[in-house]
Amino acid sequence: MHLKYLTRILKSGSKGPAILIGAELLVILLMVVLLSGILLHPPEQPASSRISKASSSNAGNYIKWVDFDVTADAMGQALRYDVDSCRQELHLHWIELLAFLGARYGGDFSRYKAGDMDALVKKLQDGASMQELTRDMKYYPYYLEAYSAVLGGMVGTYEIQIPDETTGEPVWVRKYGLKAFSPIARRYPYSDFDDFGVSRSYGFRRQHLGHDLMGQTGTPLICVESGYVEALGWNQYGGWRMGIRSFDRKRYYYYAHMRKNYPYHKSLQVGSIVQAGDVIGYMGRTGYSRTENTNNIDEPHLHFGLQLIFDESQKEGNNEIWISCYELVKFLSMNRSETVKNQETKEYYRVYQMKDPAIPGGAREQNIDSAP
């Protein structure tokens, strides 16, 4: 009922005092309802005001979540296209190829077909640009940034030693390709399955935000990507654990349940620079205890986790982004670091040295001759 209609009833008075009083009450009630609505639900601010307020607090300008389910086969195919074209006029960048398919599949790589990537590459080779092909893909920029955060430090130019075909002695070669390594040293067996997100109950009920690789106690653990040691020490859930941060600060590699009494390579401390392929520690079964240096895990294994950090506020707390590493570990298994044991110190070292240009100030060597 409108105010004008009620006012007209009040002025007419044709139905006597009872109607007049009832109409007055209705007007008063309607005014109270309107007023309370304004107080409880004030008019929404203009969009420009909301945007200004958000940008002034730097909120919302970074990715909040990533589901990474790119298959090892897709990563392998994209890498081959990248490496094969690195010296050609048209250099096909593997992360761009994967981001295109991510946008096409809506991030669901269970739909992946090798022919889809072949068709994309054919269009690029025929003269189309990635910008043209992705112009109508609303989420391509998201997948490009998200997949770059996961894979950004894994491919590039580097120098590495390989055995000479005649003498077997190490010789230096310059390469372009995969410069990241499996977290498990070469020649050491392990088993794994897709266990990301399964339930864990120690301490409190939670999801498993990592990937377990089952193996033997003492198995040398390998630095996946060059970076620096950000965390080292005991945690009641992870036991002896280590965290390595990439130089671009986008990736945090987490190694947990390391060996009792001798978990880490003795050359390392918080702040140490480590190079992809270096031995950083040893597999064990520590953890699930408030008491330091306790074996409370039934089966020796490495808990390997990868956290993405688009903003430092995501490093710890409720906004952490951990991704599934099952397919990534499968992909990295093509590049496993060869190790050798120093029989006097019982410490392991990499056999073939590497020079990663990503390391500030130049790479260092990790071998028995340079052992402390």
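General observations
- Taken per residue, the accessible surface of segment 204-336 reaches 37 Å², heavy atoms only and a 1.4 Å probe.
- Stretching the chain fully between Gln131 and Thr217 yields a gain of 26.0 nm (0.36 nm per residue, less the alpha carbon separation).
- Using θ = phi - 60° in the Karplus curve 6.51 cos²θ - 1.76 cosθ + 1.60, the 3J(HN,Hα) couplings for segment 112-129 round to 4, 9, 4, x, 5, 6, 4, 5, 4, 4, 4, 5, 5, 5, 7, x, 6, 9 Hz; x is entered for Gly and Pro.
- Residues with amide H under 5 Å from that of Gln353, placed H, sequence gap 5 or more: Gln161
- On the basis of the beta-carbon distance and an R0 of 45 Å, Tyr176 and Glu292 show a calculated FRET efficiency of 0.55.
- Alpha-carbon Rg with Dmax, taken over segment 87-162, Å: 13.6, 45
- Under 5 Å from the amide H of Val171 lie the amide H atoms of Ile162, Asp164, each residue being 5 or more positions distant or on a separate chain, with H modelled from the backbone and absent for Pro and chain starts.
- Taking the convex hull of Cα positions in segment 252-293, its mean projected area over all directions (nm²): 3.6 nm²
- Base-10 log of normalised Debye intensity for segment 170-310 (one unit scatterer per alpha-carbon) at q = 0.11, 0.16, 0.20 Å⁻¹: -0.39, -0.83, -1.27
- For segment 296-356, average projected area of the Cα convex hull in nm²: 7.9 nm²
- Kirkwood analysis of segment 119-159, using all unique Cα-Cα pairs, places the hydrodynamic radius at 12.1 Å.
- Shown in residue order for segment 162-178 are the 3J(HN,Hα) couplings computed by the Karplus curve 6.51 cos²θ - 1.76 cosθ + 1.60 at θ = phi - 60°: 9, x, 5, 5, 8, 8, x, 6, x, 10, 7, 9, 9, 9, 10, x, 6 Hz (x for Gly and Pro).
- Taking only protein heavy atoms and a 1.4 Å probe, the accessible area of segment 114-193 is 49% carbon and sulfur.
- Near Ala231, the amide H atoms lying under 5 Å from its own belong to Gly243; only residues 5 or more places off or on other chains count, and H is placed 1.01 Å from N.
- For segment 68-80, backbone phi angles converted through the Karplus equation (6.51, -1.76, 1.60; θ = phi - 60°) give residue-by-residue couplings of 9, 10, 4, 6, 4, 4, 5, 4, x, 5, 5, 4, 4 Hz, Gly and Pro being listed as x.
- Geometric descriptor of segment 248-372, per residue, is 157 Å³ (volume of the convex hull of the Cα atoms).
- Taking 0.36 nm per residue of separation and subtracting the Cα-Cα distance, full extension of the segment from Tyr62 to Glu344 would add 96.6 nm.
The values are calculated or read from the model by the stated rules, or taken from the named source; none is laboratory data. All values reported here derive from a predicted model rather than from experimental measurement. Virtual Cβ from ideal backbone geometry, glycine too; neighbours counted across all protein chains shown. Just the protein is used for accessible areas: all its heavy atoms, side chains included, with ligands, DNA and RNA removed. Shrake-Rupley method; radii C 1.70, N 1.55, O 1.52, S 1.80 Å.
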